[in-house]
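To start, the structure itself, in structure tokens.
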Amino acid sequence: MLKKFLFVDLDDSLFQTPGKCSPGEELQPAAYLKDGSACSYTTRRQRTLIDFAGREMTLIPATARNHNAFSRVTLPFTSHAILDYGGVVLAPDGSLDPLWHETMERDMALALPGLEDILARIDAYAQARGFAGRSRLIEDFGLPFYVVIKDGDWQNGSLAQIEAQCVAPWIAAAGVDFFIHRNGNNLAVLPKSLNKDRAVAYLCERLRAIHGEILTFGLGDSISDARFMAACDYAIIPRSTQLAARTLEGL
């Protein structure tokens, strides 16, 4: 029998905030804030999926969460983990994969000037228009990875304006090798060298060296997850998600 591995996104795939759950759901905490309060929960269906998959597959998180945020997830992961949109690969014992870290050191050094440039541009644009949110450069294990800006009241269209009038024109400029990830109240700007599918491909190669031929599955909710899911043998998409709306719903 082939060893089976499920590469799985976390937020809005295996758990979500209470506001995204249907009324009457039987919720259990799955992730916590720094102050120890629960912030994300699993539904009964999600817990059933985790139990089912755990009996047949090895679950490997593939998440945008950094190491600190991932450490506050309480689901029973026992193998590798992919963090920071693919910028970090952890071994089963929680240690940093040194080969992947060396690769990211080189790539993020090249990306840093662009990240610092768009960080300043977003803040200047937001300040000029009275937008309260500020962008942040997300770093982990000593490396810069991507810029994110959040809008607590994202329905007012502020993020859409920042994306269309500030970030998109900058990316369209010659020689700017970045892309936009937008989902809910998050707008992220990432270097193209930073992506989950690249880390998944690296880890699959490592796993094949150990186990021989393997069978892989990918599970995710957002359009940005589609690439790492497409790199797997099979894809699993939760209903009522960004990716489901783009690929399955309304057919």
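Out of contact with any strand residue (DSSP E or B) (no Cβ under 8 Å at 6 or more places or on another chain), basic (Lys, Arg), within 30 Å of residue 123 (Cβ to Cβ) and assigned to a helix (DSSP H, G or I) - does that describe any residue in the stretch 221-231? Within the stretch 221-231, one or more residues are out of contact with any strand residue (DSSP E or B) (no Cβ under 8 Å at 6 or more places or on another chain), basic (Lys, Arg), within 30 Å of residue 123 (Cβ to Cβ) and assigned to a helix (DSSP H, G or I).
Would it be correct to say that residue 53 is closer than 29 Å to residue 233 by Cβ, aliphatic (A, V, I, L, M) and more than 19 Å from the chain's Cα centre (by Cα)?
Spelling it out, residue 53 is indeed closer than 29 Å to residue 233 by Cβ, aliphatic (A, V, I, L, M) and more than 19 Å from the chain's Cα centre (by Cα).
Of the residues making up the stretch 162-183, those that are at pLDDT below 90 and out of contact with any Phe, Trp or Tyr (no Cβ under 7 Å at 6 or more places or on another chain) are 173, 174, 175, 181, 182, 183. Pairs linking a residue in the stretch 158-173 that is under 14 Å from residue 124 (Cα atoms) to a residue that is of a type in the set (Ser, Thr, Tyr), with Cβ atoms under 9 Å and 6 or more positions apart or on different chains, are 161/125; 162/125; 162/135; 165/125; 166/125; 167/125.
Selection of strands (runs of 3 or more DSSP E) fully inside the stretch 132-220 by the criterion of at least 3 residues being among the aliphatic types (A, V, I, L, M) returns 143-150, 186-191, 214-219.
Pairs meeting the criteria (first residue in the stretch 129-152 and within 16 Å of residue 110 (Cα to Cα), second residue part of a loop (DSSP other than H, G, I, E, B), beta carbons under 7 Å, at least 6 apart or on different chains) are 138/66; 143/87; 145/87; 145/194; 146/194.
Report whether or not residue 194 is in contact with a helix residue (DSSP H, G or I) (Cβ under 6 Å, 6 or more places away or on another chain) and farther than 22 Å from residue 104 by Cβ.
For residue 194, the condition - in contact with a helix residue (DSSP H, G or I) (Cβ under 6 Å, 6 or more places away or on another chain) and farther than 22 Å from residue 104 by Cβ - is not met.
Candidates in the stretch 198-232 are the residues that are modelled with pLDDT of 95 or more and among the acidic types (Asp, Glu); of these, the one that is surrounded by the fewest Cβ atoms within 10 Å (Cβ to Cβ) is 213.
The values are calculated or read from the model by the stated rules, or taken from the named source; none is laboratory data. What you are looking at is a predicted structure, and each value in this text was computed from that prediction instead of being measured. Heads up, the Cβs are rebuilt from the backbone with ideal geometry, glycines too, and the neighbour counts pull from every protein chain shown.
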